[in-house]
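Here's the structure we're looking at; comments come further down.
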Amino acid sequence: MSLEAKNSIRDFINEAMQKTGDHGIFDDHESLFSSGRLDSLTMMNLVMFLELNFAIDFSKFEFDVDLVDSINAIELLIKKK
């Protein structure tokens, strides 16, 4: 994944976190949803963002929060698509 693509995902997540009042930093391996830092509505928005920007069709596989729970997990998902 290009640095530009990874940064667009980071920007999306950072903006979502700030909307909830979370201005803390996060690492690429850090849990975003299982930790409670982001909620299910944000997860749906992230899925739509990934579908539109990375051509991932989530209807083609069984969804699990672990697929999008960290930047590293998202990067792996995009590489596998």
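A few notes on this one:
- Residue pairs meeting the criteria (Cβ under 7 Å; at least 6 apart or on separate chains; first closer than 14 Å to I13 by Cβ and in contact (Cβ under 8 Å) with a residue 24 or more places away in the chain, in segment 70-81; second surrounded by fewer than 19 Cβ atoms within 10 Å (Cβ to Cβ) and of a type in the set (D, E)): S70/D28; S70/E30; I71/D28; N72/D28
Each row is one residue, and each column tells you yes or no for (1) of a type in the set (A, V, I, L, M); (2) within 13 Å of I9 (Cβ to Cβ); (3) surrounded by 12 or more Cβ atoms within 10 Å (Cβ to Cβ); (4) touching a residue at least 40 places away in the same chain (Cβ under 8 Å).
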residue: G21; (1), (2), (3), (4): no, no, no, no
residue: I25; (1), (2), (3), (4): yes, no, no, no
residue: D28; (1), (2), (3), (4): no, yes, yes, yes
residue: L52; (1), (2), (3), (4): yes, yes, no, no
residue: K60; (1), (2), (3), (4): no, no, no, no
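- Filtering segment 27-64 to residues that are among the aromatic types (F, W, Y), outside any loop (DSSP other than H, G, I, E, B) and more than 12 Å from the chain's Cα centre (by Cα) leaves only F58.
- Segment 1-26, residues that are in a loop (DSSP other than H, G, I, E, B) and either touching a Leu at 6+ places or on another chain (Cβ under 9 Å) or among the aliphatic types (A, V, I, L, M) (or both): M1, T20, D22, I25, F26
- Across segment 38-50, the qualifying residues are those that are under 21 Å from M1 (Cα atoms) and free of Cβ contacts under 8 Å to residues at least 24 places away in the same chain, and the one among them that is surrounded by the fewest Cβ atoms within 10 Å (Cβ to Cβ) is M48.
- Test: residue in segment 65-78 that is more than 12 Å from the chain's Cα centre (by Cα) and either part of a helix (DSSP H, G or I) or surrounded by 11 or more Cβ atoms within 10 Å (Cβ to Cβ) (or both): no
Taken together, the values in this text are just the output of simple stated rules run on the coordinates, not laboratory data. Since this is a predicted model, take the numbers as computed values, not measurements. With ideal geometry, Cβ positions are generated from the backbone for all residues, glycine too; neighbour counts draw on all protein chains shown.
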